[in-house]
Amino acid sequence: MTYANAVAFLERLADYERLTGYRYDTKTFGPDRMKALLERIGRPQDGYPCLVVVGTKGKGSTAAMLASILDVAAPPVGLYTSPHLASWTERIRIGGADVTEEEFAALAAAVAGPVAALEAEGSDRVPTTFEVLTAMALVGFARRGVKAAVLEAGMGGRLDAVNAVDAAGVVFTSVSLDHMDQLGSTVEAIAAEKAGVIRVPQPVTCAPQAPGVQAVIDAACREAGAPPTLVGREVAEASPARCDVSGCRFDARTPRGIIRDLAVPLVGRHQVVNALVAVGAAMNVPLAVSDDSIRQGLASVRWPGRLQLLRPGLLVDGAHNGASAEALAAAIREFWGSRPRRGLIFAQLKGKDHAAVARALVPLANRIWCPALAHARAVAPAELVAIVREAGGQAETCGDVAGALAAARRDFGEDGDLVLVSGSLALVGEVMLACSAAWRP
């Protein structure tokens with residue numbers, strides 16, 4: 001099987017990252033079908049401890065930091081995340097590097113037979129794209145002999161494919177409103193869906209939460225007999241973090257003492273919280289994780305597309321819900337607030353709280369461009385312009401991302417100008433692919 005064949009194999013399955021209007025129930029999702037697939041491929045996840053990361057905001061960053069720490073302590077470590085920006089291979093990382101296209105194709109070939117066998121048993125047994133990717137990752141981790149794996153949940157938790165794995169620990173990042181059509185209209189309902197991964201007496205590491213969310217998580221921990229480690233209680237900043245455009249430096253207070261001189265090369269004060277969650281989770285893993293492993297792992301973390309300066313004056317961030325957009329806006333004001341001219345390339349996918357994101361991002365910009373995305377769930381440019389208008393701004397449509405980049409480069413290309421690209425990881429991915437042709441240093 002070639003890489004192109006592997007992608008075609010995945011794309012013929014039900015890909016709920018690209019679909020709308022589906023029902024969120026045990027017929028569409030649920031770990032039972034995933035468990036059947038794992039049985040057929042020999043339960044590869046039994047050969048190493050798995051850490052499951054759930055939440056709304058900061059899942060990917062926290063998962064990347066945790067994997068980076070563990071990869072210093074006990075290499076190699078696997079990392080499974082979603083979605084990808086430019087290549088499917090980004091979703092499966094081992095030892096800090098994406099798998100190659102050849103390895104990705106080999107993993108797809110390894111699960112294709114079991115998938116076909118399930119398909120022959122009936123349409124309700126056919127795994128989804130995400131489920132097959134999860135199986136591919138678990139097989140890849142086993143083949144490469146990982147010492148641990150960090151698995152980022154997709155949309156929820158209770159019905160997520162990663163919940164078919166008996167996790168050695170659960171990591172909870174910040175919970176806020178997102179995927180409300182599927183997970184619930186309140187943060188408490190969303191938290192309950194995500195807390196469905198807390199099933200046994202496993203360590204749970206949790207970011208600071210709204211009181212109602214924390215109550216839901218605490219109840220799930222009590223019912224499962226799972227001991228919680230809370231950021232702000234067991235793990236916290238020992239002194240105020242020092243943050244700038246290169247990242248943040250801080251000291252962490254932990255149950256085994258203060259760890260000094262931690263540095264994270266990810267921009268934004270919200271990344272300090274994510275780092276503290278990763279530190280707490282690393283201490284709960286059944287591996288020998290030293291202070292130096294934590295220090296080196298955080299310093300070497302790589303997580304593209306999040307407050308990343310692609311070119312001088314061109315900043316990308318995948319904020320796609322209200323809480324993430326507010327954190328992004330705070331970082332822009334703190335680190336780039338002195339820039340008198342700021343533009344915004346803005347696009348979103350259907351199914352998101354467009355108004356909340358626009359309220360946070362639109363006031364940042366003097367000029368806004370709304371391109372058409374290639375994604376199946378893309379909001380049309382004319383609708384984006386209306387969303388911007390409702391948030392108190394004005395925008396112009398662009399035929400595609402390349403056109404938006406060209407317009408931004410033409411009108412906001414002087415030294416000192418800043419163009420922000422945000423509203424969707426799909427937008428960031430398209431910009432990463434297109435910017436080299438449209439935006440020159």
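Key figures for this structure:
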item	result
FRET efficiency for S338 and D411, using Cβ-Cβ distance with R0 set to 25 Å, rounded to 0.05	0.80
Of L85, L133, L310, the one that fluctuates the most in a GNM where the chain has Cα springs shorter than 10 Å	L310
Mean Cβ count within 10 Å, highest first, over the residues of peptides 91-100, 142-151	142-151, 91-100
Kirkwood hydrodynamic radius of region 233-286, from inverse mean 1/r over distinct Cα pairs, in Å	11.1
Region 340-415: Cα Rg divided by the 2.2 N^0.38 Å rule of thumb	1.04
GNM result for the chain, Cα springs below 10 Å: residue of A220, A358, A167 fluctuating most strongly	A220
Projected label distance in nm at A238 and A210, using a 7 Å step from Cα toward the beta-carbon	3.4
Gain upon complete extension [A355, A109; 0.36 nm per residue less C-alpha separation]	84.3 nm
FRET efficiency for N366 and A120, using Cβ-Cβ distance with R0 set to 51 Å, rounded to 0.05	0.30
Inter-part distance where region 343-393 and region 41-117 are each reduced to a Cα centre, Å	31
Heavy-atom accessible surface of the chain: percent carbon and sulfur, 1.4 Å	51
Estimated dipole of region 167-323 in Debye, rounded to 20 [Cβ of Lys and Arg +1, of Asp and Glu -1, Cα centre]	380
Equivalent ellipsoid semi-axes - Cα gyration tensor, region 1-136, angstrom	24, 18, 16
Antiparallel content of DSSP bridges confined to the chain, in %, to 5	40
Solvent-accessible area per residue for the chain (1.4 angstrom probe, square angstrom)	38
Charge dipole (region 261-387, unit charges on Cβ, about Cα centre) - positive-most of A319, V264, C370	C370
Nitroxide proxy distance, nm - points 7 Å out along Cα→Cβ at R256 and A97	2.9
Equivalent ellipsoid dimensions for region 43-112 as semi-axes, Å, which come from the Cα gyration tensor, largest first	20, 16, 13
Region 282-413 pair-distance distribution - Cα-Cα, 10 Å bins, rounded %	12, 37, 29, 12, 9, 1
Measure of compaction for the chain (Cα Rg per 2.2 N^0.38 Å)	0.95
DSSP bridge pairs, region 180-268: antiparallel proportion in percent, nearest 5	75
Simple label model, 7 Å out from Cα along Cβ direction - E396 to V7, nm	3.2
Among I332, Q214, N5 the positive-end extreme of the charge dipole of the chain (Cβ point charges)	I332
Residue among P76, P255, P208 with the largest mean-square fluctuation in a Gaussian network model of the chain, springs linking Cα atoms under 10 Å	P255
The chain - percent relative contact order, Cα under 8 Å, separation 6 or more	16
Partnerless Cys - the chain, beta-carbon criterion under 4.7 Å	C50, C206, C221, C370, C398, C435
Gain in span if fully extended, D46 to R18, counting 0.36 nm per residue against the direct Cα distance	7.0 nm
Exposed GluC sites (Glu not before Pro) absent: longest stretch of the chain, with sites in DSSP loops and at most 14 other Cβ within 10 Å deemed exposed	122-413
Magnitude of the charge dipole, the chain, Cβ model with Lys/Arg +1 and Asp/Glu -1, debye to 20	560
About the Cα centre, charge dipole magnitude for region 45-141 (Lys/Arg +1, Asp/Glu -1 at Cβ), debye	420
At q = 0.15, 0.22 Å⁻¹, base-10 log of I(q)/I(0) for region 165-276 (Debye sum, equal scatterers on each alpha carbon)	-0.73, -1.14
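The values are calculated or read from the model by the stated rules, or taken from the named source; none is laboratory data. For clarity, every value in this text was computed on a predicted model and none was experimentally measured. Cβ sites come from the backbone with ideal geometry, for glycine too, and all protein chains shown count toward neighbours. Areas reflect the complete protein model, heavy atoms only, side chains present, ligands, DNA and RNA absent. Shrake-Rupley method; radii C 1.70, N 1.55, O 1.52, S 1.80 Å.
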